[in-house]
Amino acid sequence: MQTTADQNKNFFVIDIHTHIIPENIPDFKQKFGYGEWIQLEHHKPCCAKMMMDSQFFREIESNNWDPKQRNKEMLGLGVDVQVLSTVPVMFSYWAKPEDGLYVSQFLNDHIMECVTKYPKNFVGLGNLPLQDPTLAIKELERCKKIGMKGVQIGSHINDWNLSEPALFPVFEAMQDLDLAVFVHPWWWMSQTKTPKYWLSWLAGMPYETSVAICSMIFSGIFEKLPQLRVAFAHGGGSFPGTIGRIEQGWKARPDLVAIDNPNNPKDYLGKFWLDTLVHDRRMLDYLVALVGADRIALGTDYPYPLGEPEAGELIHENAFNNHIKEKLFSQSALEWLKMKKEDFL
């Protein structure tokens, strides 16, 4: 019986949802004098404790920071290209704007070091200090200049949803600079209410992704910026499963829902991308029917435990023909990144 990796060899495979972190992180708390900054304690070979303000956050291995190790594992997984983005806990939106800019530049330079070393295997997404839109645009322009193909942003920016008017110029700049956008949820909004059973990750993150999608639809961002290329993590969270309810709300209470955009939310299905990280074969089949295979791209959340251990396993479990599989494995990702397969050959 063929393994998933063996099956992947029949396709060009791009994973749009992978995270990376520098091996050596400065002591930002000492530098800035405040904050719950992340530190890595390398307490044994090829392994480190990720600490948040001296509190244990998670244990990670060298594939989190070592591009050479990642390349070995990619070969074993049958993945040709990884799109690299920082770990969401490094967003640092809560920091003072200038400090957030400094951290973003540090993270972005590290990602581009990896891309420069392995240009046929990696693509870089940048981090932005979105708590200050002016500085965010400044770093966005630098991301473009240093060769990044897009940016990763959070599903919300502190107390701002993505519909916040202050963020619109940033989205406008993303479109003008022709950069892809990857929206990833983070757990801050739900962690205080759901600290038990890991619910902020299991239930909170899907909720936050749906809020992000609805915020962009109802505020008119997709309507005003039709060339903006946005992908959402985790198969769009709870949005695909509740789009019927969302549409019914638009129909029943337009006075509450359609105040900034009169159009049916279903009109925007197929106008943004989703990754395949849904952990259920039937759900992936539903997503393909809902938004189309050309708007779904492989995403695994490598190298974390809530990800897909065998890249593309759900794709192979479905009875998709090779034409659809090619879209899911790379064609959709290439369109989102505005790249060509030849860029990696």
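What follows draws every value from the coordinates through simple rules; no lab data is involved. What you see is a predicted model; the values in this text were computed from it and never measured. Please note: Cβ atoms are built from the backbone with ideal geometry, for glycine as well, and neighbour counts cover all protein chains shown.
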Quiz item: If you stretched the chain out fully between Y286 and S54, how much longer would it get, using 0.36 nm times the residue separation minus the C-alpha to C-alpha distance?
Solution: 79.2 nm
Practice problem: Could you list Y197, Y286 in order of exposure, starting from the residue whose Cβ has the fewest other Cβ atoms within 10 Å? | Solution: Y197, Y286
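Computed FRET efficiency, Cβ-Cβ of E172 and H323, R0 35 Å: what is it to the nearest 0.05? Provide the component values of the computation, followed by the final result.
Working: r = 35 Å, r/R0 = 1.01.
My answer for the efficiency is 0.50.
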Quiz item: Could you give the dipole magnitude of the chain about its Cα centre, charging the beta-carbon of Lys and Arg +1 and that of Asp and Glu -1, in debye to the nearest 20?
Solution: 240
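Hey, fewest Cβ within 10 Å first, where do S104, S210 land in order?
On the way: S104 28, S210 22.
Sorted ascending by nearby Cβ count, the order is S210, S104.
At R0 = 41 Å, how high is the FRET efficiency between N158 and D343 if r is their beta carbon distance? Nearest 0.05 is fine.
Efficiency, rounded to the nearest 0.05: 0.70.
Here is the link list: K9/K341; K149/K271; K149/K325; K72/K341; K31/K193. Which ones come out longer than 25 Å on Cα distance?
Flagged as over cut-off: K31/K193.
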Quiz item: Tell me which lysines have Cα within less than 16 Å of K144's Cα, excluding those fewer than 8 residues away on the same chain?
Solution: K338
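Could you tell me what percent of the DSSP beta bridges with both partners in the chain are antiparallel, to the nearest 5? Intermediate results must be reported in sequence, preceding the final value.
Working: 13 of 36 bridges.
Just about 35 percent of them are antiparallel.
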Self-check item: Candidate lysines - alpha carbon under 29 Å from K196, same-chain residues fewer than 8 apart omitted
Solution: K29, K49
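Using a ≥ b ≥ c from the Cα gyration tensor of the chain (square roots of the eigenvalues), is it rounded, prolate or oblate, where a/c under 1.5 gives rounded and otherwise the larger of a/b and b/c decides, a/b for prolate? Kindly include the intermediate steps, with their values, before the conclusion.
On the way: a/c = 1.42, a/b = 1.06, b/c = 1.34.
Cα axes put the chain in the rounded bin.
Dipole size in debye (nearest 20) for region 15-142 around its Cα centre, Lys and Arg Cβ +1, Asp and Glu Cβ -1?
Dipole size: approximately 220 debye.
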Exercise. Rounded to the nearest 500, what is the 222 nm mean residue ellipticity of the chain from helices alone, with -39500 (n - 2.57) per DSSP H run of 4+ residues and division by all residues?
Key: -10500 deg cm²/dmol
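Going by how many other Cβ atoms sit within 10 Å of their own, how do H110, H17 line up, fewest first? Show your work: numbers first, answer last.
On the way: H110 20, H17 26.
In increasing order of surrounding Cβ atoms, one gets H110, H17.
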Quiz item: Which GluC sites (Glu not before Pro) in region 1-48 pass both tests, a DSSP loop state and at most 13 other beta-carbon atoms within 10 Å?
Solution: E23
Quiz item: Between D109 and Q191, how many nm apart are label points set 7 Å from Cα along the C-beta direction?
Solution: 2.7
